[in-house]
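The values are calculated or read from the model by the stated rules, or taken from the named source; none is laboratory data. This is a predicted model, so every value here is computed, not measured. Every residue, glycine among them, receives a Cβ derived from its backbone with ideal geometry; neighbour counts consider all protein chains shown.
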Amino acid sequence: MAGSDLSASVLTGGSGSASQRILHIFRAPVGGLFRHVLDLARLQAMAGHQVGILCDAATGGERAARALADLAPCLALGLMRLPMHRNPHVSDLRILRAVARHAEAVAATVLHGHGAKGGVYARMAPLRDRGPIRAYTPHGGSYNYKPGTLPHRVYMGVERLMALRTDVFLFESEYVAARHRTYAGDPGRITRIVHNGISEAEFAPIVPAEERADLVYIGELRDAKGVPFLLDALLRLRAEGRPLRLLMVGSGPDSEVLAERVAAMGLRDAVAFEPPQAIRPVLARGRIMVVPSLAESLPYVVLEAAAACQPLVATNVGGIPEIFGAAASDLVPPRDGQALAAAIARVLDEEPAASRQRFEALAASVRTRFSMTRMGSDVLSGYAAAQRARAEAARPAVASAGP
């Protein structure tokens with residue numbers, strides 16, 4: 001998928017850098033974080049770097065196993081899967097030792113942690129010497145807790161301490177970078193904003209399916225994704241005489257609760273649930289994609305829908321305004337079923353030509369700003385900058401050790 005997007009800047013690491021030995025570390029092989037790592041690993045391997053992955057053994061199911069098997073030819077440093085807990089756990093000490101042993105065994109020059117748990121493992125692994133640089137890409141997660149709450153204060157305190165063990169921050173959105181500065185302080189380290197990128201193939205037109213639902217939701221089935229507000233909006237629209245149908249594609253910890261809520265709201269015949277699957281065929285089966293999230297970083301599902309010119313209604317949270325750019329005024333306040341219903345109605349009632357023009361403009365904007373090639377190049381450039389900074393910091397010590 002990424003091959004057609006490679007450029008000279010990626011092939012040289014954007015800065016003429018030497019070949020790296022990169023170990024990507026994260027917990028769950030699911031969702032946008034997983035896609036981000038898969039894309040980076042492919043880009044880096046095709047650019048001549050040696051890449052490996054270390055992640056959880058208990059999540060992702062068959063879909064993750066297939067994706068990792070497909071990636072295997074790119075993983076010169078191998079794949080290691082260990083049981084990991086989402087929340088802090090005594091087993092984290094064992095994982096930290098395993099990360100250190102593996103990093104030393106493969107002679108990693110970069111430990112790149114993704115997400116809160118991956119960031120802990122990559123930055124706190126007890127190596128015998130300074131070893132590889134420690135890179136960190138947050139993906140929302142702990143930054144999305146409500147400010148002032150105990151979990152938020154604890155996690156931001158941990159982030160403040162771990163900044164001391166970080167060589168380079170590779171934030172995927174301006175939003176998360178700002179959250180870090182506000183609540184964990186200026187990291188005082190090399191910092192890059194590296195937006196998620198998508199491939200040129202994802203801008204290809206989608207042929208609508210013969211039978212389509214009116215609305216489609218793609219993502220995790222949990223309250224934090226705002227699904228209850230989507231159901232409230234659907235109920236409001238149906239009460240107005242719009243017999244809309246909703247297709248929900250995904251899985252998650254609240255799937256059973258949401259199914260019960262659908263039944264209790266009298267929406268059983270209006271809502272269909274399906275397991276996670278490739279996004280483009282799902283987009284072809286819906287007229288409007290709705291993203292009712294309460295918190296996000298820079299969601300791939302919005303990038304992919306925008307690239308495909310899919311009519312889209314989304315909430316004004318996280319990095320979504322960064323994706324919409326000049327069209328951010330079209331976004332909806334979160335936690336407001338009435339506003340969500342009104343936004344959906346506006347898209348339904350819009351003249352087809354005007355709607356097509358609006359979403360084609362959004363796709364064109366996304367094409368210029370969210371390139372997979374740029375993402376790969378910027379990450380490698382961040383690694384190289386961190387390595388230069390470490391080398392420069394070591395020079396005075398070398399000089400003072402001389403005769």
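Quick look at the numbers
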quantity	calculated
Identity of the residue in region 97-146, among the basic types (K, R) and more than 20 Å from the chain's Cα centre (by Cα), that ends up farthest from A385 (Cα to Cα)	R97
Of all residues making up region 293-306, the number that are over 16 Å from V216 (Cα atoms) and either surrounded by fewer than 22 Cβ atoms within 10 Å (Cβ to Cβ) or in contact with a strand residue (DSSP E or B) (Cβ under 6 Å, 6 or more places away or on another chain) (or both)	2
The one condition in (1) on the phi > 0 side of the Ramachandran plot; (2) touching a His at 6+ places or on another chain (Cβ under 8 Å) that G78 fails to fulfil	(2)
Residue in region 256-270 that is closer than 16 Å to R212 by Cα and surrounded by fewer than 16 Cβ atoms within 10 Å (Cβ to Cβ) present	yes
Pair list, Cβ under 6 Å, 6 or more apart: region 325-347 residue within 22 Å of A307 (Cβ to Cβ), other residue in a helix (DSSP H, G or I) and of a type in the set (S, T, Y)	G325/S365
Test: H195 is in a helix (DSSP H, G or I) and within 20 Å of the chain's Cα centre (by Cα)	no
Count of region 352-382 residues which are over 16 Å from D39 (Cβ atoms) and under 23 Å from the mean Cα position of the chain (by Cα)	9
Residue in region 225-247 that is aliphatic (A, V, I, L, M), in contact with a Pro (Cβ under 7 Å, 6 or more places away or on another chain) and part of a helix (DSSP H, G or I) present	yes
Odd one out for G185 among (1) within 23 Å of the chain's Cα centre (by Cα); (2) in the same structural domain as R356 (by TED's automatic domain parsing)	(2)
Any hit, region 281-292, residues being assigned to a helix (DSSP H, G or I), in contact (Cβ under 8 Å) with a residue 60 or more places away in the chain and over 23 Å from A67 (Cβ atoms)	no
Criterion (closer than 25 Å to Q50 by Cα and crowded, with 17+ Cβ neighbours inside 10 Å) met by exactly one of A163, A100, A184	A100
Strands (runs of 3 or more DSSP E) (entirely within region 78-153) containing at least 2 residues that are more than 20 Å from L68 (Cβ to Cβ) and touching a Ser or Thr at 6+ places or on another chain (Cβ under 9 Å)	133-137
Test: residue in region 320-327 that is at negative phi and more than 19 Å from the chain's Cα centre (by Cα)	yes
Number of the exception - Q277 against (1) under 23 Å from M372 (Cα atoms); (2) in contact (Cβ under 8 Å) with a residue 60 or more places away in the chain	(2)
